[in-house]
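K.L.:
Following this message is one structure expressed as structure tokens.
The values are calculated or read from the model by the stated rules, or taken from the named source; none is laboratory data. Model, not experiment: these values are computed from the prediction. Neighbour counts run over all protein chains shown; Cβ positions are idealised from the backbone, glycine included. With ligands, DNA and RNA removed, areas are computed over all heavy atoms of the protein, side chains included. Shrake-Rupley method; radii C 1.70, N 1.55, O 1.52, S 1.80 Å.
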Amino acid sequence: MTDSGNEEVAVIGNTDLTAADLHNNTNNTMTEEGVPLLKKMEISVSEAEKRTGKNAVNMQEIYTVYLIETRPVDAITEGPSAAPDSLWRRYSEFELLRNYLLVTFPYIVVPPLPEKRAEFVWHKLSADNMDPDFVERRRIGLENFLLRVASHSVLSKDKIFYLFLTQDDGWKDVVYDTGFQAKDDGWKDVVYDTGFQAKADSRLKALNATFRVKNPDKRYTELKHYSDELQSVISQLLRVRAKVADRLYGVYKVHGNYGRVFRYAASVDDILEEEEHYADQLKEYLYYSEALRAVCRKHELIQYELEMAAQDLVSKKQQREELATGTVRTFSLKGMTSKLFGQETPEQREAKLKVLEEQIVEGEELVKTSNAECDEYVRNAWIDIDRFKEQKNQDLKEALISYAVMQISMCKKVGIFVLNI
């Protein structure tokens, strides 16, 4: 990271998160400091239900809602008789919650939602988002999302997240009142009349920063490569698994007439659908790669804005020097004007110098403040990135081991039946 003592070089920092924002985020909690919500509350998405209603353009639509049940841990220890609190949420409400978390906590690798439509599926598995098996897997994914957030040391303490779990109506109004713009994953901005646009970064702006930043932090460049590699490897693994599932299904069907040899797998569909559980675990980290890139994009945008501020400060210092000495170092319209119409009067020069001095003081204060914010932003981001990497290593190791055990067990059963022919 750049030495903060050099006032002319931009450094990394979060210019969008002011001191007031950070203070509000700190106070915007419902749990004790250092205690994740999951240690104080049991959370589950217990069932899904299809419903019919009218959408935003007053047309009839079929959609799915999910039942969230919560119960304080204290009530569980007192006895199983305590009924949990429950409410229904649509998938779009989960999206709004995650978008809010992305904007409010840009330095955190926010857990992803399960896929909206099935991807990387073998041909016998339905890709319909209303298919009961797909809805059930999505229910499990949504529950996993809530548990991920509830176990996070920072995200779990957010007031909006708590209201999402416990308040049936009105929680959206609280989200809109925070001054945040929600963004979906499809490059379409959903803007609310609450001043969100001032805080949320457009993708075009972030893309511009990616190409124009002059001094990118190597750690974030490596993190982008890490996320790209993670996405590439998991995508390839999911494609291979889908191909293997298709071929395995074909083998079972071709040899189905051998009777009891494959009787244990009378429903090969069930076996292969069981594999989707492990595929969903891989898909979670496929989407985590985008969350990592979001942290990188935010960093690049911050870096670019600070470089522009630093460049403006250097320019103003040069203008001050030129006014004080009466010499122009580089070609400029101002220099040509002075040659054509004569030099400025001493009074005009003094007035401009006074304005420049004020602007330079403000610029130096901005750089100083940005350096302090930079240190906090980078420190928090890398703490969470290290946490994510440790979590990823553990989760993928367990998932791949479980998948291998399942395959070995299935092959052993086939061997036993073949020997008994």
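K.L.:
Take I62 and L147, extend 7 Å from each Cα along the Cα→Cβ direction, and tell me the distance between the two endpoints in nm.
P.N.:
Once both label points are built, they end up 3.0 nm from each other.
K.L.:
Next up: Just to verify a number: FRET efficiency for M130 and W382, C-beta to C-beta distance, R0 = 30 Å, to 0.05?
P.N.:
The computed FRET efficiency comes out at 0.10.
K.L.:
Any idea how far apart D228 and Q407 come out in nm if each label point goes 7 Å out from Cα toward Cβ?
P.N.:
Going from the D228 label point to the Q407 one covers 2.9 nm.
K.L.:
Moving to a separate point now. Beyond 29 Å between alpha-carbons counts as too far, so tell me which of K40/K368; K159/K397; K116/K243; K116/K392 fall in that bin.
P.N.:
The answer is K40/K368; K159/K397.
K.L.:
Between E362 and E290, how high is the FRET efficiency from 1/(1 + (r/R0)^6) when r is the Cβ-Cβ distance and R₀ = 41 Å? Nearest 0.05.
P.N.:
It comes out at approximately 0.65.
K.L.:
Once both labels are modelled 7 Å past Cα along the beta-carbon direction, what's the L400-L353 spacing in nm?
P.N.:
The two pseudo-label positions are separated by 6.8 nm.
K.L.:
In terms of modelled amide H atoms, which long-range or inter-chain residues lie less than 5 Å from the amide H of V154?
P.N.:
Sorted by chain and number, the residues that satisfy this come to none at all.
K.L.:
Follow-up. Kindly sort D246, D85, D217 by accessible area of their heavy atoms, largest first, with the probe set to 1.4 Å.
P.N.:
Ranked from most to least accessible, the order is D85, D246, D217.
K.L.:
Quick one: Karplus J couplings for segment 286-298, per residue in order, coefficients 6.51, -1.76, 1.60, θ = phi - 60°, nearest Hz, x for Gly and Pro?
P.N.:
With coefficients 6.51, -1.76 and 1.60, one gets 4, 7, 4, 4, 5, 5, 5, 5, 5, 5, 5, 4, 4 Hz.
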